[in-house]
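Novice: One structure, as C-alpha cells, below. Some questions next.
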Amino acid sequence: MFLQIFIAGIVILITILICRLGSFLYRWSTKRHNVPPDVVILYQIGRGPFAPSVSPFPLKLETFLRMTKTPYVNDHSGKFSSKRKTPWIEYDGKSIADSQFCIDYIKKKRGVDVNGDLSPSDQAVARAFQKMTEENLYWTMCIEMFGEDTSTVEKVIPYKGLKLWLTIWFLKRVIKKETWGHGIGRHTQDEVWTIAVDDMTAISNFLGNKEFFMGSEPSEVDCAMFGMLSMIILNMPNSKHDRYVRENLPNIVRYCERMKQRFWPDWESHILTSSKYENDDGKIYFKSQEEKTS
C-alpha cells in the first residue's frame, strides 16, 4: 500500500512539474505573435496523426474560420485559456474561450452570417442536432476511448513514453469525473453504446442524401458536425463507433469527405503522419485575400 501511495505521489509531482513548465512556455509563446489587429490568433493543442486535431472542437473552430475566410494564425503551443479550456482565440486584444463563444464573437465582430439561407425553424433544428452531438454523443466517444482499453487513443495522441502514459492517466481520471457529473458515466457500457447508436443513427437519417447537414450549401452547424464526425472515422480507428458508422451509416463518411474537399484542400499538409506535413504554427491564413478585396 505504501509503495502504491509513493508511486502515485511521484506521478502527481511529475504532472505538476510538467504543467508548470508548460505554463512558462505558454506565457513565453504569447510574446512571439506579431500579427495585424484583424487577425485571429487560434490557440489549439497541435496537429494530430490522422486529422488536423485530435479533438473535435479545434477542428470545428478552424473549419469555421476557413468557411468564413476569417484571417487567422495558429498557435500550437497548447496554451489554455483563463477558463482552462482549449481551443480559444485572441482577437483585437480580446480573449474568448470555448469554441462556440469564439464563433459567436467572430460572427458579431466581422458581421458574417453563414446561416442566412436557413429559416428560424431550420436554425432551431441545426442547434438541436449540434447540442445532441457535442453534449451527448461526444461523451460516448470519450467513454469508448478512455475506458479500460486505451489502445485506440494511444494511436491518436502524438506522444510517446512517459508523456503519453501521463496524458492518458490524467485524461482517464478527468473524463471519468466529468462523465459521472454529466450522468452518462453512471450507465452500463451497453447502455452507453445504445445512446451512441441512437445518436449516430439520428444524424445519418437526418443527413440523408443531402450534400451538407442542412441542405445543398454548408452552414454553421456543419463545422460542429464535421469536427465531431471526423473524429469517429479518423481519430477512433477500429473503435465500435468507427466500425458502426462505416458498416451502417456510409453517408456520414461521404459527408466528411465533402467537407474535407470543400474547406480542407490542404488536409494532408496538416497531418503528422503525412509526407506532405508542414508545421503551420505562426502562418497567417486568408490575410492576403482580404487585402486584395479591401
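The values are calculated or read from the model by the stated rules, or taken from the named source; none is laboratory data. For clarity, every value in this text was computed on a predicted model and none was experimentally measured. Cβ sites come from the backbone with ideal geometry, for glycine too, and all protein chains shown count toward neighbours. To get the accessible areas, we keep the full protein, side chains included, count just its heavy atoms, and leave off ligands, DNA and RNA. Shrake-Rupley method; radii C 1.70, N 1.55, O 1.52, S 1.80 Å.
Novice: How much solvent-accessible surface does MET231 expose, in Å² to the nearest 10, with a 1.4 Å probe and all protein chains in place?
Specialist: Surface accessible to solvent at MET231 totals approximately 10 Å².
Novice: Quick one: 3J(HN,Hα) in Hz for segment 146-156, Karplus 6.51/-1.76/1.60 with θ = phi - 60°, rounded, Gly and Pro as x.
Specialist: Those phi angles translate into 10, x, 5, 9, 10, 4, 5, 5, 5, 7, 9 Hz.
Novice: Another one. Please compute the per residue accessible area over the chain with all protein chains in place, 1.4 Å probe, rounded to a whole number of Å².
Specialist: 53 Å²
Novice: A further question on this structure: Can you spot the lysines whose alpha carbon is less than 20 Å from LYS177's alpha carbon? Ignore those fewer than 8 places along the same chain.
Specialist: Filter leaves LYS83, LYS85.
Novice: A follow-up question, please. Express the carbon and sulfur contribution to the solvent-accessible surface of the chain as a percent, rounded to the nearest whole number, probe 1.4 angstrom.
Specialist: Of the solvent-accessible surface of the chain, carbon and sulfur hold 55 percent.
Novice: What number, rounded to the nearest 500 deg cm²/dmol, is the helix-based mean residue ellipticity at 222 nm of the chain, given -39500 (n - 2.57) per DSSP H run of at least four residues and division by all its residues?
Specialist: Only helices count here, giving -18000 deg cm²/dmol.
Novice: Please go through segment 29-138 and write out the trypsin sites (Lys or Arg not before Pro) that DSSP classes as loop and that have at most 12 other C-beta atoms within 10 Å.
Specialist: LYS83, ARG84
Novice: When the expected Rg is taken as 2.2 N^0.38 Å, what fraction or multiple of it is the alpha-carbon Rg of segment 91-152?
Specialist: So segment 91-152 has a normalised radius of gyration of 1.55.
Novice: Hey, could you pull the Cα Rg and Dmax for segment 106-264, both in Å?
Specialist: 16.9, 51
Novice: Enumerate the calculated ³J(HN,Hα) couplings along segment 185-194 in order (Karplus 6.51 cos²θ - 1.76 cosθ + 1.60, θ = phi - 60°), each rounded to whole Hz, writing x wherever the residue is Gly or Pro.
Specialist: Ordered by residue, 3J(HN,Hα) equals x, 8, 8, 6, 4, 5, 5, 5, 5, 4 Hz.
Novice: I'd like the antiparallel share, as a percent to the nearest 5, of DSSP beta bridges with both residues in the chain.
Specialist: 65 percent
Novice: I'd like the trypsin sites (Lys or Arg not before Pro) in segment 202-294 restricted to DSSP loop residues with at most 16 other Cβ atoms within 10 Å, sorted by number.
Specialist: LYS210, LYS276, LYS283
Novice: Can you give the accessible area of TRP180, probe radius 1.4 Å, in Å² rounded to 10?
Specialist: Per-residue accessible area (TRP180): approximately 140 Å².
Novice: Over the chain, what portion of Cα pair distances is larger than 29 Å, expressed as a whole percent?
Specialist: 37 percent
Novice: Once the convex hull of the alpha carbons of segment 76-194 is built, what does its volume come to per residue, in cubic angstrom?
Specialist: It comes to 153 Å³ per residue, whole-number rounded.
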